[in-house]
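**Student:** Have a look at this one before I ask anything.
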Amino acid sequence: AVFIVALLPRLHLALSARQIFTPDSNYYNGIADNILEGKGFSAQGKPTTYKEPFYSFFLASIYYMFGHSYAAVKIIQAILGALTCVIIFLIAKRLFDIKAAIMSALISCFYPAFIKITELMITELLYTFLLILAVFFLLKYIQDGGYKNLVFCGIALGIASLTRSVAVLFPFFVLLLLGKTFVSQGRGIKKYVISMVVFLAFFILPIV
């Protein structure tokens, strides 16, 4: 239900709004086109590392599957935006209760900025989805255990750092939180070290 409620306004905007280009969206689109044309990750005929790479690869993969369609990009972004609201619901339910989860979901479903970024071909929507996904799996690991949750958290955060580089700082805070949790729960140092190695390994993997 949360997914459908969140998807409808985003899908309406994706299908009805005109395409808005910014200098950043032109840059990401240009690199995506060069990737599809076999020119590599380049701008103006030269290899570049000026921007983080993942969003351009995201666009290139959509263009490869659906043709050079801005509508396809916006529809997929609408789906990711709706999934973000679902994850926010699940996080709030784990941390608080069902009433807080419903309230959090409604706010995220209709928060204007969350809807508006659906039509913009910039990194914010994809980055937000990946960051919240990483938080969800981190919370699952803290509450339920299971190294697979740390693996998914590390991968999501690694890809997020390739979308917006500010995420490269987040592992430091994740390790602090894990250390605090292990101390409060009386877990051994050995398990903390293993958890730290698993998380960092899978955080670094997408970047490598």
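**Student:** For the stretch 31-60, enumerate the residues that are among the hydrophobic types (A, V, I, L, M, F, W, C), in contact (Cβ under 8 Å) with a residue 24 or more places away in the chain and open to solvent by 40 Å² or more (accessible area, probe 1.4 Å).
**Tutor:** Result: ILE35, LEU36, PHE54, PHE57.
**Student:** Also, quick follow-up: Looking for something open to solvent by 50 Å² or more (accessible area, probe 1.4 Å), in contact with a helix residue (DSSP H, G or I) (Cβ under 6 Å, 6 or more places away or on another chain) and not charged (D, E, K, R) - is there at least one such residue anywhere in the stretch 125-145?
**Tutor:** Checked the stretch 125-145: no residue is open to solvent by 50 Å² or more (accessible area, probe 1.4 Å), in contact with a helix residue (DSSP H, G or I) (Cβ under 6 Å, 6 or more places away or on another chain) and not charged (D, E, K, R).
**Student:** Follow-up. Please go through the stretch 109-124 and give me each residue that is open to solvent by less than 10 Å² (accessible area, probe 1.4 Å) and in contact with an Asp or Glu (Cβ under 9 Å, 6 or more places away or on another chain), ordered by number.
**Tutor:** Matches in the stretch 109-124: MET121, THR123.
**Student:** Taking interchain pairs and intrachain pairs at least six residues apart, which have beta carbon atoms under 9 angstrom, with the first residue in the stretch 106-123 and without any contact (Cβ under 8 Å) to a residue 24 or more places away in the chain and the second among the charged types (D, E, K, R) and open to solvent by 60 Å² or more (accessible area, probe 1.4 Å)?
**Tutor:** ALA113/GLU124
**Student:** Then there is this: Confirm whether LEU11 is modelled with pLDDT of 90 or more, within 30 Å of ILE88 (Cβ to Cβ), open to solvent by 40 Å² or more (accessible area, probe 1.4 Å) and within 20 Å of the chain's Cα centre (by Cα).
**Tutor:** Numbers: modelled with pLDDT of 90 or more: yes; within 30 Å of ILE88 (Cβ to Cβ): yes; open to solvent by 40 Å² or more (accessible area, probe 1.4 Å): yes; within 20 Å of the chain's Cα centre (by Cα): yes.
Yes; evaluated as a whole, the condition is true for this residue.
**Student:** Condition first: closer than 29 Å to ASP24 by Cβ and β-branched (Val, Ile, Thr). Now tell me which residues in the stretch 127-186 satisfy that.
**Tutor:** Once the filter is applied, which keeps residues that are closer than 29 Å to ASP24 by Cβ and β-branched (Val, Ile, Thr), the stretch 127-186 yields THR128, ILE132, VAL135, ILE155, ILE159, THR163, VAL166, VAL168, VAL174.
**Student:** Assess whether TYR63 counts as being in a helix (DSSP H, G or I), over 16 Å from the mean Cα position of the chain (by Cα) and in contact (Cβ under 8 Å) with a residue 24 or more places away in the chain.
**Tutor:** Yes.
**Student:** Here's a follow-up. So LEU95 clears everything in (1) closer than 25 Å to GLY154 by Cβ; (2) at pLDDT 95 or above except one condition, right? Which one?
**Tutor:** Here LEU95 meets the rest and fails (2).
**Student:** Could you tell me which of the residues LYS74, LYS51 is under 22 Å from LEU11 (Cα atoms), modelled with pLDDT under 95, of a type in the set (Lys, Arg) and touching a helix residue (DSSP H, G or I) at 6+ places or on another chain (Cβ under 7 Å)? Steps first, please.
**Tutor:** On the way: LYS51 fails: under 22 Å from LEU11 (Cα atoms).
Result of the check over LYS74, LYS51: LYS74.
**Student:** Does TYR28 fit the bill of being surrounded by 20 or more Cβ atoms within 10 Å (Cβ to Cβ), under 30 Å from ILE142 (Cα atoms) and not small (Gly, Ala, Ser)?
**Tutor:** In short, no.
**Student:** Go through ASP33, ASP24 for me and flag whichever is in a helix (DSSP H, G or I) and under 21 Å from the mean Cα position of the chain (by Cα).
**Tutor:** Only one candidate passes the filter, namely ASP24.
**Student:** Of the residues in the stretch 188-204, how many are open to solvent by 70 Å² or more (accessible area, probe 1.4 Å) and farther than 15 Å from GLY154 by Cα?
**Tutor:** 3
The values are calculated or read from the model by the stated rules, or taken from the named source; none is laboratory data. Fair warning: this is a prediction, and the values are worked out from it, not measured in the lab. Cβ sites come from the backbone with ideal geometry, for glycine too, and all protein chains shown count toward neighbours. Areas reflect the complete protein model, heavy atoms only, side chains present, ligands, DNA and RNA absent. Shrake-Rupley method; radii C 1.70, N 1.55, O 1.52, S 1.80 Å.
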